[in-house]
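A.B. asks: Okay, handing you the structure first.
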Amino acid sequence: MGDRSAPSEGVFSGAEGTNSTHRGLQIINHGTVTVNNVEYAENANLGNIYGTLNQVSDRSDAAAGNQQHVEPIDPTNLIQLLRPILDASHTRNREISPPNSACFPGTRTDVIRMIVNWVDSTLLRNTHVLWLYGFVGCGKSAIALAIALKFERRKRLVGSFFFFRNTGDRSRMTRFATTLACQLAAAIPEAAPFIKKAVKEEPGLLQSNLVAQLRCLVYEPFKAVAKRVRLLKTFLLKGPFLIVIDGLDECEDRKDMVTFIDDMLEFFKEHPLVPLRFFITSRVEQHIQSHLKNGQVRLENLINHCSRDDIDTFMQTCFEAEKEQNPIINSYIQKHGDWPTKKDKDLLVDHIGGSFIFASALFKYIVDPTDNQSTPMDRLPHTLNMNPGLDTLYARTLSRSQDIPHFSNIISTLALLFEPLPIVGFAELLGIESFEVVRVLVNLQAIIHIPGTDDLPVTMCHTSLRDFLTTESRSGRFFAPPKFHAYLANRCRDTEKEQRSGTAVALYIVDHFEKHLNAAYPHILANSQDFPYFSDIISTITLLPEPLSIAGIADLLCVKASDVSPVVASLRELIDSRGIDKDEPVIIRHTSLCDFLTSKTRSGTFFVSPSYHLKLSYHCFSLELKHWLNDIPSSPATGYTKWGCRYHLVESLRTNSEQSILAELKQLPP
C-alpha cells in the first residue's frame, strides 16, 4: 500500500510469501460505532528483534568458526545501555506505530525482484546504497517492509529504521545509531562485544555526535565481524548484508540527516569491500537529493516501477471482499448484476494512476459504512472527479464533520500535535468529553484511523493530510493556523495545573509544551507588527521587571492608551489583560516569550534588544521630571518611574557595550 500510511492501511506482503495469516475483513467496535478495516496480515510482535537479543547467550568466536575467545555479553545490559527505540523497526506493531503499509498480494513483484538482485550482487563495483524515491503514496514504505522481511528470513538483515513525522524519537536522529546498534547485536551476536567495548572505552559516546555513534556502534563493529568465518561464508555464498531506512524525508533533524548521508558514503569510500548495503526510501526533497544523487548511489524512481496491473489487482480484491459481507451491495447485485462493472472499475483504476494510498483512500470512501446518506454505488462515480493528489478527497471527507461542535479544534489539534494522542488525550487536552471527539472523527475514517479503544493513538492514514491541513491555499476553511499552537500551549498550561499524573496528556506536556509556544510566537507577533508603536510596546512589556496596566504603558511611552490597547488585544493568546478601562497589569502568560524575544537567533525581526533599557530609563526620568517641574498629579506609571529609572539604567550599563549605549543615546530626544 501507500507509504507513510497509518494503521488503516495494513495489508500483507503477498509478493514476499510471508507466513502472515489472511484475516479477511476485520470489524472493530468503538462503542456503538462499527469501523470496517480491510486487513490482510497479523502484524509482527513488538520488539521481536530485541527478543532475539535477549536470547543471546554466551557467545564465542569458536561458535562462529573462529577459535579466538570473546567475552560473554549480557544482552539485557546492552539494551539498557543503548536504549533503542522499540517501535522503529519493521517488527513494530504497525497498528499503533505507523506507517501501517505492506505490499498487496501479487503486487510489486518486479521492483522487489530488482532490489533483491541488487542486494544479492557480490560484484565489487556494485554500489553500496540504493535510493528508491517517489511521490506521496506510491508505496515506498510497503516495499521497504517487504525487503526487510525478505532479508530477515534470509538472516542477512542487520537492521531497519522506519522514520515517521511527529512521533517523537522516530522523527529524529537522536537514537538512530543506538537503535541500529542494538538491532545489529541481535542479528549478528558476534558484534555485541565490539559494541559494548566501544561504549566502555568512550564513556561519553552515547552523548556524542551522530557520526561518532554510527562509526563506533554500527559501522566498525560490523566491519570487524564481517571478517569472521561465519559471516564471510554467508557473504560469499548468499550475498551482502542489508540495512533498510524508510521515510528519510520524515526525519525532522535535517542537519543530522545530511551528516548521516555524507558520513555513510565516506565510510563506503574508505572501505569499498565491506559486505553491507543500505536501502533507503524517501520522497524527493532537495536536501536529500543533493547528497544522495552521486556516483556512489544507485537511484531508482518508483514511478518507473508502478504497474497498472498492481492497482487493478488491489481494487479487484478489495471489492470482492466487500461484496462478500455488504448486504446493500449484495442486494444491488441481485437486481442489477455485478458491481462494479468492468467498465467502471477500469475507469477507476485509470483515474488512480500508480498511487496505492489514493487507491486505498478512494476504496474506503466508496464503502464507508458510516455514511448513511448515500450508497457505495452512489459514491463510486463521484470518485472519478476527485483529484489524484488527495486534496479533493480530504476536503470532501472533512466536510462531513465540519458542522459538529469542536470540529475545528479537534482537526487543528490533530494537525499540529508533535506526537499522536489517544481519544481520551484529545478530550483531556481540549477540555471536552471523549464521545465528542469520537463524534467528529468517526465520519473521517477514510483519512484518519480511529483505534479500537480510547487509549490507543489516533493517527492519520497518510502524513500528506497534515501537509494539506497546514497549507491554507490547499485546505481553505479546514486550515489549521500556526497560531493555534498558542491555544494548545495554553491548554497544556491549564491541564498541567490540574496536576494529573500518568495520563497521556501529562506525558505529552512534559515533552512538547515549550514546542507549541515556540511554534506559535512568530506567527502571532507577525499578525500584530503593523500596529503603530508595536515595537516600543512589545519591548516595554518584555523588559519591565514589574507589569504595568495598559494606561501605565501608554503613560510611560507618552502615547495614548488607545494606541496600546489594540496591540495588547492582538496578542491575547500570549498576554493576559482585562482591557483598556481596567487598572490591572498586562501580564505575559509564559516566561518563555521573554526568552524568545530577547534571543536574536530565535526571534529575528522581533528581537528586543537590551539597549532598549536605556530608552526606558530615559522615559522614566523624563516622566518623573515632568511631574516634578509641573507639579502634575500622579499618573498610572508614577509609582514605577521612581525606581524604574535607576533599574533600567543599571540594566543598560550591565548588558550593553559602550558603543551600543552611545548609539542608543543618539536616538533619544534632547
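The values are calculated or read from the model by the stated rules, or taken from the named source; none is laboratory data. Keep in mind it's a predicted model, so treat the numbers as computed, not measured. FYI the Cβ positions are ideal-geometry reconstructions off the backbone, even for glycines, and counts take in every protein chain you see. When the accessible area is computed, the model is the full protein with side chains, heavy atoms only, and any ligands, DNA or RNA have been set aside. Shrake-Rupley method; radii C 1.70, N 1.55, O 1.52, S 1.80 Å.
A.B. asks: Could you list all residues from region 101-115 that are surrounded by 18 or more Cβ atoms within 10 Å (Cβ to Cβ) and more than 25 Å from the chain's Cα centre (by Cα)?
C.D. replies: Of all residues in region 101-115, those surrounded by 18 or more Cβ atoms within 10 Å (Cβ to Cβ) come to 101-105, 107-108, 111-112, 115.
Within region 101-115, Phe104, Pro105, Thr107, Arg108, Val111, Ile112, Ile115 qualify.
A.B. asks: Still on this structure, please answer the following. Would you check if Arg589 is surrounded by fewer than 17 Cβ atoms within 10 Å (Cβ to Cβ) and on the phi < 0 side of the Ramachandran plot?
C.D. replies: On the way: surrounded by fewer than 17 Cβ atoms within 10 Å (Cβ to Cβ): no; on the phi < 0 side of the Ramachandran plot: yes.
Considered against the rule, which asks whether it is surrounded by fewer than 17 Cβ atoms within 10 Å (Cβ to Cβ) and on the phi < 0 side of the Ramachandran plot, Arg589 comes out as no.
A.B. asks: Enumerate the helices (runs of 4 or more DSSP H) found wholly within region 383-500, keeping only those where 1 or more residues are open to solvent by 20 Å² or more (accessible area, probe 1.4 Å) and among the basic types (Lys, Arg). Give the derivation first.
C.D. replies: Details: elements: 391-398, 407-416, 423-430, 434-441, 464-469, 472-475, 484-497.
Per the criteria, 391-398, 434-441, 464-469, 472-475, 484-497.
A.B. asks: Okay, moving on. Just to verify a result, which residue in region 581-617, among those that are closer than 18 Å to Tyr640 by Cβ and part of a loop (DSSP other than H, G, I, E, B), is modelled with the lowest pLDDT?
C.D. replies: Lys582
A.B. asks: I'm checking my understanding of the structure. Among residues of region 356-382 that are of a type in the set (S, T, N, Q) and more than 17 Å from Gln316 (Cβ to Cβ), which one is surrounded by the most Cβ atoms within 10 Å (Cβ to Cβ)? Walk me through it before giving the result.
C.D. replies: Initially, region 356-382 is screened for residues of a type in the set (S, T, N, Q), giving 360, 370, 372-375.
Then keep just the ones that are more than 17 Å from Gln316 (Cβ to Cβ); that gives 370, 372-375.
On the way: Thr370: 14, Asn372: 7, Gln373: 7, Ser374: 10, Thr375: 16.
Among those that are of a type in the set (S, T, N, Q) and more than 17 Å from Gln316 (Cβ to Cβ), it is Thr375.
A.B. asks: Pick from region 470-479 the residues that are in contact with a Leu (Cβ under 8 Å, 6 or more places away or on another chain) and at pLDDT below 95: which of them is farthest from Ser399 (Cα to Cα)? If you could, list the steps in order and put the result at the bottom.
C.D. replies: So in region 470-479, the residues in contact with a Leu (Cβ under 8 Å, 6 or more places away or on another chain) come out as 470, 475, 478-479.
Add one more test, that the residue is at pLDDT below 95, and what stays is 470, 475.
Values: Thr470: 16, Ser475: 11 Å.
My answer is Thr470.
A.B. asks: If you don't mind, there's one more thing I want to ask. Quickly run through region 625-649 and pick out the residues that are surrounded by 18 or more Cβ atoms within 10 Å (Cβ to Cβ) and out of contact with any His (no Cβ under 9 Å at 6 or more places or on another chain).
C.D. replies: Hit for region 625-649 is Tyr640, nothing else.
A.B. asks: Tell me, please, whether a residue that is under 19 Å from Ser307 (Cβ atoms), open to solvent by less than 10 Å² (accessible area, probe 1.4 Å) and touching a residue at least 24 places away in the same chain (Cβ under 8 Å) can be found in region 151-168. So that I can check it myself, show each step before the final result.
C.D. replies: Of the residues in region 151-168, the ones under 19 Å from Ser307 (Cβ atoms) are none.
Checked against the condition, which is being under 19 Å from Ser307 (Cβ atoms), open to solvent by less than 10 Å² (accessible area, probe 1.4 Å) and touching a residue at least 24 places away in the same chain (Cβ under 8 Å), region 151-168 yields no hits at all.
A.B. asks: The conditions are (1) free of Cβ contacts under 8 Å to residues at least 24 places away in the same chain; (2) among the hydroxyl-bearing types (Ser, Thr, Tyr); (3) under 17 Å from Thr463 (Cα atoms), and Ser374 fails exactly one of them. Which is it?
C.D. replies: (3)
A.B. asks: So which pairs qualify, if the first residue must be in region 462-484 and closer than 20 Å to Gln445 by Cβ, the second must be open to solvent by 40 Å² or more (accessible area, probe 1.4 Å) and part of a helix (DSSP H, G or I), the Cβ gap must be under 6 Å, and the two must be at least 6 apart or on different chains?
C.D. replies: What qualifies is Phe468/Arg474.
A.B. asks: Inside region 601-621, can you point out the residues that are within 18 Å of Asp536 (Cβ to Cβ) and open to solvent by 70 Å² or more (accessible area, probe 1.4 Å)?
C.D. replies: Thr605, Phe621
A.B. asks: Tell me yes or no: at least one residue of region 650-657 is open to solvent by 70 Å² or more (accessible area, probe 1.4 Å), outside any loop (DSSP other than H, G, I, E, B), within 26 Å of Ile550 (Cβ to Cβ) and among the hydrophobic types (A, V, I, L, M, F, W, C).
C.D. replies: No, because not a single residue in region 650-657 is open to solvent by 70 Å² or more (accessible area, probe 1.4 Å), outside any loop (DSSP other than H, G, I, E, B), within 26 Å of Ile550 (Cβ to Cβ) and among the hydrophobic types (A, V, I, L, M, F, W, C).
A.B. asks: Just to verify a result, which residue in region 322-355, among those that are hydrophobic (A, V, I, L, M, F, W, C) and open to solvent by 30 Å² or more (accessible area, probe 1.4 Å), is farthest from Gly106 (Cα to Cα)?
C.D. replies: Ile328
A.B. asks: Here's something else I'd like to know. Which ones in region 246-257 are under 24 Å from Cys138 (Cβ atoms) and open to solvent by 10 Å² or more (accessible area, probe 1.4 Å)? Show your work before the answer.
C.D. replies: As a first pass, look at region 246-257 and keep what is under 24 Å from Cys138 (Cβ atoms): 246-252, 254, 257.
Listed by number, the residues that qualify are Asp249, Glu252, Arg254.
A.B. asks: OK, next. Can you pull out the residues in region 78-98 that are in a loop (DSSP other than H, G, I, E, B), at pLDDT 85 or above and touching a Lys or Arg at 6+ places or on another chain (Cβ under 8 Å)?
C.D. replies: Arg83, Pro84, Ile85, Leu86, Asp87, Ala88
A.B. asks: Report every pair of residues separated by at least 6 positions or lying on different chains whose Cβ atoms are under 9 Å apart, first residue within region 289-307 and surrounded by 14 or more Cβ atoms within 10 Å (Cβ to Cβ), second of a type in the set (Phe, Trp, Tyr) and assigned to a helix (DSSP H, G or I).
C.D. replies: Gln296/Phe268; Arg298/Trp118; Glu300/Trp118; Cys306/Phe356
A.B. asks: Looking for something touching a strand residue (DSSP E or B) at 6+ places or on another chain (Cβ under 9 Å) and of a type in the set (Phe, Trp, Tyr) - is there at least one such residue anywhere in region 312-326?
C.D. replies: no
A.B. asks: Specify which of the listed residues (Phe194, Phe260) is open to solvent by less than 20 Å² (accessible area, probe 1.4 Å) and touching a residue at least 24 places away in the same chain (Cβ under 8 Å).
C.D. replies: Numbers: Phe194 fails: open to solvent by less than 20 Å² (accessible area, probe 1.4 Å).
Step by step, each of Phe194, Phe260 is checked, and only Phe260 is open to solvent by less than 20 Å² (accessible area, probe 1.4 Å) and touching a residue at least 24 places away in the same chain (Cβ under 8 Å).
A.B. asks: Report yes if some residue within region 270-286 is of a type in the set (Ser, Thr, Tyr) and at pLDDT below 90; otherwise report no. Give the steps one after another, and end with the answer.
C.D. replies: Applying the first criterion (of a type in the set (Ser, Thr, Tyr)) to region 270-286 yields 281-282.
Keeping just the survivors that are at pLDDT below 90 gives none.
No, region 270-286 has no match at all.
Here is a yes/no grid of residues against (1) open to solvent by 10 Å² or more (accessible area, probe 1.4 Å); (2) farther than 30 Å from Leu649 by Cα; (3) not in a helix (DSSP H, G or I):
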site: Val510; (1), (2), (3): yes, yes, no
site: Ala526; (1), (2), (3): yes, no, no
site: Asp530; (1), (2), (3): yes, no, yes
site: Asp536; (1), (2), (3): yes, no, no
site: Leu548; (1), (2), (3): yes, no, yes
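A.B. asks: Here's something else I'd like to know. Which one of these does Gly239 not meet: (1) in contact with a helix residue (DSSP H, G or I) (Cβ under 7 Å, 6 or more places away or on another chain); (2) in a helix (DSSP H, G or I); (3) not β-branched (Val, Ile, Thr)?
C.D. replies: Condition (2) is where Gly239 drops out.
A.B. asks: Would you say Ile357 is at pLDDT below 90 and of a type in the set (Val, Ile, Thr)? Step through it out loud before you land on a result.
C.D. replies: Details: at pLDDT below 90: yes; of a type in the set (Val, Ile, Thr): yes.
Against the criterion (at pLDDT below 90 and of a type in the set (Val, Ile, Thr)), Ile357 qualifies.
A.B. asks: Let me ask you something else. Would you confirm, using the coordinates I've provided, whether Leu556 is open to solvent by less than 50 Å² (accessible area, probe 1.4 Å), in contact (Cβ under 8 Å) with a residue 12 or more places away in the chain, hydrophobic (A, V, I, L, M, F, W, C) and under 14 Å from Ile588 (Cβ atoms)?
C.D. replies: no
A.B. asks: Do you know which of the residues in region 559-577 that are within 18 Å of Gln529 (Cβ to Cβ), among the charged types (D, E, K, R) and within 38 Å of the chain's Cα centre (by Cα) is surrounded by the most Cβ atoms within 10 Å (Cβ to Cβ)? Reasoning before the result, please.
C.D. replies: Restricting attention to region 559-577, the residues satisfying the condition of being within 18 Å of Gln529 (Cβ to Cβ) are 559, 563-575.
Those left that are additionally among the charged types (D, E, K, R): 563, 572-573.
Next, only the ones that are within 38 Å of the chain's Cα centre (by Cα) stay: 572-573.
Values: Arg572: 12, Glu573: 18.
The qualifying residue surrounded by the most Cβ atoms within 10 Å (Cβ to Cβ) is Glu573.
A.B. asks: List the pairs whose first member sits in region 435-454 and is within 19 Å of Pro99 (Cα to Cα) and free of Cβ contacts under 8 Å to residues at least 24 places away in the same chain, whose second member is open to solvent by less than 10 Å² (accessible area, probe 1.4 Å) and part of a loop (DSSP other than H, G, I, E, B), and whose Cβ atoms are under 8 Å apart, counting only residues at least 6 apart or on separate chains?
C.D. replies: Going by the 8 Å Cβ cut-off, there are no qualifying pairs.
A.B. asks: Return the total of residues in region 269-297 being over 26 Å from the mean Cα position of the chain (by Cα), over 21 Å from Phe162 (Cβ atoms) and not in a loop (DSSP other than H, G, I, E, B). First the steps, then the outcome.
C.D. replies: The initial filter retains those residues of region 269-297 that are over 26 Å from the mean Cα position of the chain (by Cα), namely 269-277, 294-297.
Add one more test, that the residue is over 21 Å from Phe162 (Cβ atoms), and what stays is 269-275, 294-296.
Next cut, not in a loop (DSSP other than H, G, I, E, B) only: 269-270.
Number of matching residues: 2.
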